[in-house]
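Quick one: structure below, then a few questions.
What follows draws every value from the coordinates through simple rules; no lab data is involved. Note that the coordinates shown come from a computational prediction; the quantities given were computed from them, not determined experimentally. Every residue, glycine among them, receives a Cβ derived from its backbone with ideal geometry; neighbour counts consider all protein chains shown.
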Amino acid sequence: MHDVLFQPLTMGAFEAKNRIFMAPLTRGRASQPGFVPNEMMATYYRQRASAGLIITEATGISVEGLGWPNAPGVWSEEQTEKWKLSTGAVHEEGGLIVCQLWHMGRLVHPDFLGGQPPLSPSATTAPGHAHTPEGRKDYEQAREMTKEDIARTIEDYRKAAENAKAAGFDGVQLHGANGYLVDQFLRDGTNKRTDEYGGSPQNRTRFLREVLEALISVWGSDRVGVRLSPNGDSQGCDDSNPAETFGAAAEVCEELNLAFVELRQPGPDGTFGSTDVPKQDGVIRAVYSGALVLNSDYDGAEAASDVESGRCEAVAFGRPFISNPDLPARIAAGTEFAPNVNVPQSWYLPGAEGYTDYPTMEEEAA
């Protein structure tokens, strides 16, 4: 069933064996101290290597940019070495894996920064609560980034891209979505700057462009992608004209000839990330001619329909991959996805429970 999902896909330098991608999923299993990848993470990614492409969980580019307990980083030598466990495991299974590069901007709590305020394009405060090693705490006001901060952060992205290459990844994806730093620059609800990084949509995409150029300087454009979330509010980050803003972002992606653009779009009413803001993939498709990857609470039939129609080249599945390590096989067989057990409680537990202990179809039948 759904044969179109099992056709190979060339996008830039990537040769994906199918069009069922694994979306980035923060799982909080890295080792402390040091936000270091480990063997358990390698097992997790190995189990899911039948995906056409694995996009790793969001991975911090610097101490300054990471504010999630037990998320991994890729700024240190130790982190870089330990990521080789995961890249090697996926390659042994014939899979592809790219590293999603992440800076959380104003969503880093000062507890992670020795009490210093987080960085953002403007001095704004996110709503809600941060996850800290001491529990949930209110977000605090960010410090507006200076030009020097911006230049230094772009260099952090470049160095992280170099480390990802040394770690054996097949490429990188820039996390430009979900209310994190790049998204904070893109949207006029969080970007109040009056210099060349603020104001018009073209100015607000400048940071996106400069970061992508830094990644391309390391990898080439054919091994670089980006994730965007051109929908409504995301962690307090919103925009008054999504079509105009993300149309400008799509122009950047087209001009830089990115290998792929992944969109986290709103799902059906009542699902994760639902919103009244219309989906913007048509706006982006009209501008960007590369591989478009959609992520929007799909099942196998819906994914096949959108690939068949040409709406996208591939579909990235997130939460279904948590409890279905062999998701492509289940889609091929036309079976129901195994349910997530104790979700969301199991998403961020410290051990193997709810992480590497989900059975494949073969193991269920044995």
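Of the conditions (1) of a type outside the set (Val, Ile, Thr); (2) surrounded by fewer than 23 Cβ atoms within 10 Å (Cβ to Cβ); (3) farther than 30 Å from Pro110 by Cα; (4) in contact (Cβ under 8 Å) with a residue 40 or more places away in the chain, Gln7 fails just one. Which one is it?
Unmet for Gln7, out of (1) of a type outside the set (Val, Ile, Thr); (2) surrounded by fewer than 23 Cβ atoms within 10 Å (Cβ to Cβ); (3) farther than 30 Å from Pro110 by Cα; (4) in contact (Cβ under 8 Å) with a residue 40 or more places away in the chain: (4).
When the stretch 323-366 is examined, which residues are found to be of a type in the set (A, V, I, L, M, F, W, C) and surrounded by 14 or more Cβ atoms within 10 Å (Cβ to Cβ)?
Restricting attention to the stretch 323-366, the residues satisfying the condition of being of a type in the set (A, V, I, L, M, F, W, C) are 327, 329, 331-333, 337-338, 341, 343, 347, 349, 352, 361, 365-366.
Listed by number, the residues that qualify are Leu327, Ala329, Ile331, Ala332, Phe337, Ala338, Trp347, Leu349, Met361.
Could I ask something else about it? Among the residues of the stretch 186-203, are any surrounded by 24 or more Cβ atoms within 10 Å (Cβ to Cβ) and small (Gly, Ala, Ser)? Spell out how you get there, then give the answer.
At the first step, the residues of the stretch 186-203 found to be surrounded by 24 or more Cβ atoms within 10 Å (Cβ to Cβ) are 186-187, 190.
Those still in the list that are small (Gly, Ala, Ser) too: none.
No, the stretch 186-203 has no match at all.
Of all the residues that make up the stretch 10-48, how many are surrounded by 21 or more Cβ atoms within 10 Å (Cβ to Cβ) and touching a strand residue (DSSP E or B) at 6+ places or on another chain (Cβ under 8 Å)?
The qualifying residues number 13.
When you scan the stretch 235-255, how many residues do you find that are surrounded by fewer than 19 Cβ atoms within 10 Å (Cβ to Cβ) and in a strand (DSSP E or B)?
So the answer is 0.
Looking only at the stretch 152-167, which residues are outside any loop (DSSP other than H, G, I, E, B) and not acidic (Asp, Glu)? I'd like the intermediate steps shown before the answer.
Of the residues in the stretch 152-167, the ones outside any loop (DSSP other than H, G, I, E, B) are 152-166.
Matches in the stretch 152-167: Arg152, Thr153, Ile154, Tyr157, Arg158, Lys159, Ala160, Ala161, Asn163, Ala164, Lys165, Ala166.
Let me ask another. Answer with yes or no whether Pro127 is without any contact (Cβ under 8 Å) to a residue 60 or more places away in the chain, more than 24 Å from Gln79 (Cα to Cα) and in contact with a Gly (Cβ under 9 Å, 6 or more places away or on another chain).
Working: without any contact (Cβ under 8 Å) to a residue 60 or more places away in the chain: no; more than 24 Å from Gln79 (Cα to Cα): yes; in contact with a Gly (Cβ under 9 Å, 6 or more places away or on another chain): yes.
Taking the combined requirement at face value, the residue does not satisfy it.
Also: With respect to Thr124, is the statement that it is polar (S, T, N, Q) and either under 18 Å from Gly168 (Cα atoms) or crowded, with 24+ Cβ neighbours inside 10 Å (or both) true? Quick ask: steps written out before the conclusion?
On the way: polar (S, T, N, Q): yes; either under 18 Å from Gly168 (Cα atoms) or crowded, with 24+ Cβ neighbours inside 10 Å (or both): no.
In short, no.
In the list Leu228, Leu258, Leu208, which residue meets the criterion of being buried (at least 22 other Cβ atoms within 10 Å of the Cβ), touching a Leu at 6+ places or on another chain (Cβ under 8 Å), closer than 18 Å to Phe14 by Cβ and touching a residue at least 12 places away in the same chain (Cβ under 8 Å)? Reasoning before the result, please.
On the way: Leu228 fails: closer than 18 Å to Phe14 by Cβ; Leu208 fails: closer than 18 Å to Phe14 by Cβ.
It is Leu258.
On to the next question. So, in the stretch 168-227, of the ones that are assigned to a helix (DSSP H, G or I) and small (Gly, Ala, Ser), which residue ends up farthest from the chain's Cα centre (by Cα)?
To start, the set of residues in the stretch 168-227 that are assigned to a helix (DSSP H, G or I) comprises 181-186, 201-204, 206-219, 221-223.
Imposing the further condition that a residue be small (Gly, Ala, Ser) reduces the set to 214, 217, 221.
Values: Ala214: 18, Ser217: 20, Ser221: 18 Å.
The selected residue is Ser217.
Which of the residues belonging to the stretch 56-107 are in contact with a Pro (Cβ under 6 Å, 6 or more places away or on another chain) and charged (D, E, K, R)?
Within the stretch 56-107, Glu57, Lys82, Arg106 meet the criteria.
Further, regarding this structure: Of the conditions (1) under 30 Å from Ala51 (Cα atoms); (2) assigned to a helix (DSSP H, G or I), Asp149 fails just one. Which one is it?
Asp149 satisfies every listed condition except (1).
Are there helices (runs of 4 or more DSSP H) fully within the stretch 259-366 with at least 1 residues that are more than 30 Å from Trp219 (Cβ to Cβ) and among the aliphatic types (A, V, I, L, M)? List them. Spell out the reasoning first.
Numbers: elements: 281-285, 300-309, 319-323, 327-333, 361-365.
Those helices (runs of 4 or more DSSP H) span 300-309, 327-333, 361-365.
Now a separate question. Of all residues in the stretch 270-291 being of a type in the set (A, V, I, L, M) and under 18 Å from Asn178 (Cα atoms), which is surrounded by the fewest Cβ atoms within 10 Å (Cβ to Cβ)?
Step by step, filter the stretch 270-291, then rank; the result is Val277.
Out of everything in the stretch 158-179 that is basic (Lys, Arg) and within 13 Å of Ser62 (Cβ to Cβ), what residue ends up being surrounded by the fewest Cβ atoms within 10 Å (Cβ to Cβ)? Steps first, please.
Applying the first criterion (basic (Lys, Arg)) to the stretch 158-179 yields 158-159, 165.
Next, only the ones that are within 13 Å of Ser62 (Cβ to Cβ) stay: 158-159.
Working: Arg158: 19, Lys159: 16.
Within the stretch 158-179, the match that is surrounded by the fewest Cβ atoms within 10 Å (Cβ to Cβ) is Lys159.
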